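The values are calculated or read from the model by the stated rules, or taken from the named source; none is laboratory data. This is a predicted model, so every value here is computed, not measured. Counting neighbours? That spans all protein chains shown, and the Cβs are built from the backbone with ideal geometry, glycine included. Only protein heavy atoms, including side chains, enter the accessible area calculation; ligands, DNA and RNA are left aside. Shrake-Rupley method; radii C 1.70, N 1.55, O 1.52, S 1.80 Å.
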Amino acid sequence: MTAKTVVALEGVEKAYGSVRALAGIDLGVIEGELLALLGPSGCGKTTTLNVIAGFAAPDRGRVLIDGADVTTRPAWQRGLGIVFQSYALFPHMTVAENVAFGLRERGVAPAEIAASVTEALALVRLPGVATLRPAQLSGGMQQRVALARALVIRPRVLLLDEPLAALDRKLRESMRAELKEIQRVVGITTIFVTHDQHEALGLADRIAVMNAGRIEQLGPPREVYERPATRFVADFIGASTLLEAHALDARTVEIGGGLRVDVRLPRPLVAGERVRLLIRPERVELGEGAGMLAARVSGVMYLGDHTEVQVELSSGVRLLATVRAAPPLGPGDPIGVRLPADAFLEIA
């Protein structure tokens, strides 16, 4: 059965003066999925969210929700729930009043409002705080109240604008798991904006990597990480080493200083062609023994659960390696390097 598209953007363009924020976006968001709009500042991800929400009108193109054209429909008529980066809670209202706000505006009966507020606060695991005000809550609790306020109106789609950005690292990681679980339980179609690649990889069903107002790649997290479609995606998602090479035959390349390396790519290479290869640091193997390439350590960064090691091969090629349990290493130390043939990716 074909998955249903809930939100669709068709050829959406948006400019602010001479700045082209969106350069012809085509995007379909599938029923029940959690889609991440990921990219650096100024890439167009927040503008995309604002166009979907109805806070910004596109210069060209259409926005559809459940097949209906809502391009000119105001935000309050689109049936969307929104959580802002700042949470935007009303400081003079209690938690219960904040959560109930959207229901009151819709004229829902008081008894139904009370039941719905209780249910929404239970969903985000905040029982017992209904009478408190936002200033009495921690950042994580405020984030949950904002989420409850968005969900209580039973929106067709949930929009999240950098919802975890204001939290410290430990709380952010905890809330990441909470948010994923809540989305799974509710089953609501969700679009969230983030510049944090770990957040996108850990939360999303699919990721739209954006750059300069365009979508560079759209796909599941594993596909985006392991098979980046462009150099930008490869550089932005995770650490990597990019190597310029030329093919010697269908399965062998030279990557500098006369170093020959076997590669196993989806296609056979043509002798003499130039090729751009990427290798992730976790695929660079360090050690000793026969068949290892001679190298020296040029830098070490201990990061707790792993260590990043910069190495330079005798040919002059520099590589980044990631190891979980590294022996004591320092700049200048000799080290062996193995580059598995299936570790290389070809980048356009």
Take the residues in the stretch 317-348 that are under 25 Å from Ala245 (Cα atoms) and modelled with pLDDT under 90; name whichever of them is most open to solvent (accessible area, probe 1.4 Å). Ala348
Going through Ala23, Ala56 one at a time, which residue ends up being in a strand (DSSP E or B) and touching a residue at least 12 places away in the same chain (Cβ under 8 Å)? Ala23
Pairs only if they're at least six apart or on different chains, beta carbon under 8 angstrom, first in the stretch 94-123 and assigned to a helix (DSSP H, G or I), second surrounded by fewer than 11 Cβ atoms within 10 Å (Cβ to Cβ); list them, first residue then second. Val95/Thr131; Ala96/Thr131; Leu103/Glu112; Leu121/Pro127; Leu123/Val185
Condition check: in a helix (DSSP H, G or I) and surrounded by fewer than 16 Cβ atoms within 10 Å (Cβ to Cβ). Does Asp235 satisfy that? yes
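Please go through the stretch 179-190 and give me each residue that is surrounded by fewer than 18 Cβ atoms within 10 Å (Cβ to Cβ) and in contact (Cβ under 8 Å) with a residue 24 or more places away in the chain, ordered by number.
Lys180, Val185, Val186, Gly187
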1 or more residues open to solvent by 50 Å² or more (accessible area, probe 1.4 Å) and of a type in the set (A, V, I, L, M, F, W, C): qualifying strands (runs of 3 or more DSSP E) within the stretch 255-303: 293-302
Step by step: first the residues of the stretch 199-227, then only those that are assigned to a helix (DSSP H, G or I) and surrounded by fewer than 21 Cβ atoms within 10 Å (Cβ to Cβ), then the one that is nearest to the chain's Cα centre (by Cα). Which residue is that? Leu201
Quick one: which of Ala250, Ala239 is touching a strand residue (DSSP E or B) at 6+ places or on another chain (Cβ under 9 Å) and either of a type in the set (A, V, I, L, M, F, W, C) or within 21 Å of Arg276 (Cα to Cα) (or both)? Ala239
Mind checking whether some residue in the stretch 148-159 is in a helix (DSSP H, G or I) and at pLDDT below 85? no
In the stretch 68-89, how many are more than 17 Å from Thr48 (Cα to Cα), aliphatic (A, V, I, L, M) and assigned to a loop (DSSP other than H, G, I, E, B)? 2
How many residues does the stretch 240-254 hold that are at pLDDT 90 or above and not in a strand (DSSP E or B)? 2
If you check Gly128 against the conditions, is it without any contact (Cβ under 8 Å) to a residue 12 or more places away in the chain, outside any helix (DSSP H, G or I) and either farther than 27 Å from Thr189 by Cβ or open to solvent by 70 Å² or more (accessible area, probe 1.4 Å) (or both)? yes
Picking from Val83, Val51, Val29, the residue that is in contact with an Asp or Glu (Cβ under 9 Å, 6 or more places away or on another chain), open to solvent by less than 50 Å² (accessible area, probe 1.4 Å), closer than 21 Å to Phe192 by Cα and among the aliphatic types (A, V, I, L, M) would be Val83
Pairs with Cβ under 6 Å, 6+ apart, first in the stretch 216-230 and more than 14 Å from Ala36 (Cα to Cα), second open to solvent by 50 Å² or more (accessible area, probe 1.4 Å) and in a strand (DSSP E or B): Thr230/Glu216
